[in-house]
Amino acid sequence: MLKKIDAAARLIGRYSSLFQCPVCGLAMEMNENRTLLCRNRHGFDTAKPGYISLLTKAVKSDYGKAMFEARNLVCRSGFFRPLIERIGWTILTNISGGGLEPITVLDAGCGEGSQLAQLADVWKRGTPEGFLGAGLDLSKEGLAIAAREHAGFIWCVGDLARSPFRDQSFDVILNVLSASNYGEFSRLLRKDGMLIKVIPGSGHLRQLRDALYDRSPKQTYTNDKTRALFMRHFDILDEQQLRYDVTLQEELLEPLVRMTPLSWGARDEQIQQALRLGIREVTADFTVLVGRAKVR
């Protein structure tokens, strides 16, 4: 059985045509030392856990290992399963695979990789055509968990503002509850490629919002500005609203609180107060925006 580092290097090498050097923009190839290298000798080593870092300078991520472990627990519980099922069938309905070549999907802001892995499962249930998933995130901690939990994907530490992929490399870009770079999305998508962006709806995790921010301006939320920004750069092919209630096992409340950005601006006493409430049901509320880049 291949070590994770060898399996990752082999997969990246097989699909090295997806990559461009983040320093000079040249094509790259994987060498026998598990280094992704361009002709100008800019090299990036495959890491032992099974991911590759293509950052050109040290970048501090705001998200640490504890947050990603919490998110991994919540994702594995099935919290996002209805959302990923919806996204998967949207892709199956709108994108044809390439026959001998797999569909290429980039999860931009993939975190610990659970959502991309679940999406691959939906695709494989719906069609015999191949699926090549690549995940990009700034956090080595998140990618280390992704590589640990999910084999058979390309996991990359990289900067979305200067992503290490060639023009028109992907059939689909997935951007779930994460920051966007629409210029890069337009560059990376193939001519008929599709961007799927998921943003929270006004009712998302309302029980936590009420507990953390009772009678403060943060108690209410609207996604109007995020939606408007999407529409400035992409033509909307479809817009879907998805809302469902999730029953929480007792041990999942704290990981859910720790992983959501709702808690990041809260004081510790507010978080502890929310945990003491023993919330056992929360609302998941998402707006799924499906679009193609505007023709310039």
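The values are calculated or read from the model by the stated rules, or taken from the named source; none is laboratory data. As the structure is a computational prediction, the values presented were derived from the model and not from experiment. Neighbour counts are summed over all protein chains in view; Cβ atoms, including those assigned to glycine, are modelled from backbone coordinates with ideal geometry. These accessible areas exclude ligands, DNA and RNA; they are computed on the full protein's heavy atoms, side chains included. Shrake-Rupley method; radii C 1.70, N 1.55, O 1.52, S 1.80 Å.
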>> Can you tell me which lysines have their Cα less than 19 Å from the Cα of residue 124? Leave out same-chain residues fewer than eight positions away.
In response: none
>> Only four residue types carry charge here, +1 at the Cβ of Lys and Arg and -1 at the Cβ of Asp and Glu. Report the dipole size of the stretch 179-252 about the Cα centre in Debye, rounded to the nearest 20.
In response: 380
>> Let me cross-check residue 166: its accessible surface, 1.4 Å probe, with only protein heavy atoms counted, in Å² to the nearest 10?
In response: 100
> If you rank 186, 53 by how much accessible surface each has, with a 1.4 Å probe, what is the order from largest down?
Replying inline: 186, 53
> Which of 282, 40, 77 sits closest to the plus end of the dipole of the chain, meaning its Cα is farthest towards the positive end, when Lys and Arg get +1 and Asp and Glu get -1 on the C-beta?
Replying inline: 40
> Based on the Kirkwood radius over alpha-carbon pairs, what value in µm²/s does the Stokes-Einstein equation return for the translational diffusion coefficient of the stretch 153-241 at 20 °C and 1.002 mPa s?
Replying inline: 142
> Bin by bin, in steps of 10 Å, what percent of the Cα pairs in the chain do you find, going until the bin that has the longest distance?
Replying inline: 6, 27, 35, 23, 8, 1
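Taking a 1.4 Å probe, which of 112, 85 shows the most accessible area, and what order do the others take after it? Working shown, then result.
Numbers: 112 0, 85 45 Å².
Correct descending sequence by accessible area is 85, 112.
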> Based only on the alpha carbon positions, what is the Kirkwood hydrodynamic radius of the stretch 1-100, in angstrom?
Replying inline: 16.6
> Extension gain residue 273-residue 124, at 0.36 nm per residue separation less the Cα-Cα distance, in nm?
Replying inline: 49.4 nm
> By DSSP, what percent of the beta bridges with both residues in the chain are antiparallel, rounded to the nearest 5?
Replying inline: 60
>> I need to check one value: relative contact order of the chain, counting alpha carbon pairs closer than 8 Å and at least 6 residues apart, in percent.
In response: 17
> Can you give the accessible area of residue 148, probe radius 1.4 Å, in Å² rounded to 10?
Replying inline: 110
> How many nm is it between the label spots at residue 41 and residue 254, if each spot is 7 Å from the Cα in line with the beta carbon?
Replying inline: 5.2
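For residue 224 and residue 85, what does the FRET efficiency come to when R0 = 25 Å and r is the distance between their Cβ atoms, rounded to the nearest 0.05? Intermediate values should be presented prior to the final figure.
Working: r = 27 Å, r/R0 = 1.06.
It comes to 0.40.
What do you reckon, how do 204, 42 stack up by accessible area (1.4 Å probe), largest on top?
From most accessible down to least: 42, 204.
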>> What lysines does residue 65 reach when the alpha-carbon gap must be under 19 Å and sequence neighbours fewer than 8 apart in one chain are set aside?
In response: 48, 140
>> Charges at C-beta only: +1 for Lys and Arg, -1 for Asp and Glu. How large is the resulting dipole of the stretch 1-67 about its Cα centre, in Debye rounded to 20?
In response: 140
> Could you give me the ³J(HN,Hα) list for the stretch 24-34, computed from phi with Karplus coefficients 6.51, -1.76, 1.60 and θ = phi - 60°, whole Hz, x at Gly and Pro?
Replying inline: 10, x, 7, 5, 10, 9, 8, 9, 5, 8, 6
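What is the dipole size for the chain, taken about its Cα centre, with +1 at each Lys and Arg Cβ and -1 at each Asp and Glu Cβ, in debye to the nearest 20? Walk me through the numbers on the way to the answer.
Values: 40 positive and 34 negative charges, 136 e Å.
For this selection, approximately 660 debye.
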>> Let's test the formula: R0 of 35 Å, r as the Cβ-Cβ distance of residue 231 and residue 168. What FRET efficiency results, to the nearest 0.05?
In response: 0.95
> Considering only protein heavy atoms, what is the solvent-accessible area of residue 83 at a probe of 1.4 Å, reported in Å² to the nearest 10?
Replying inline: 0
>> Straight-line reach only, C-alpha to C-alpha below 21 angstrom: list the lysines that residue 294 could link to, leaving out same-chain residues fewer than 8 apart.
In response: 191, 197, 225
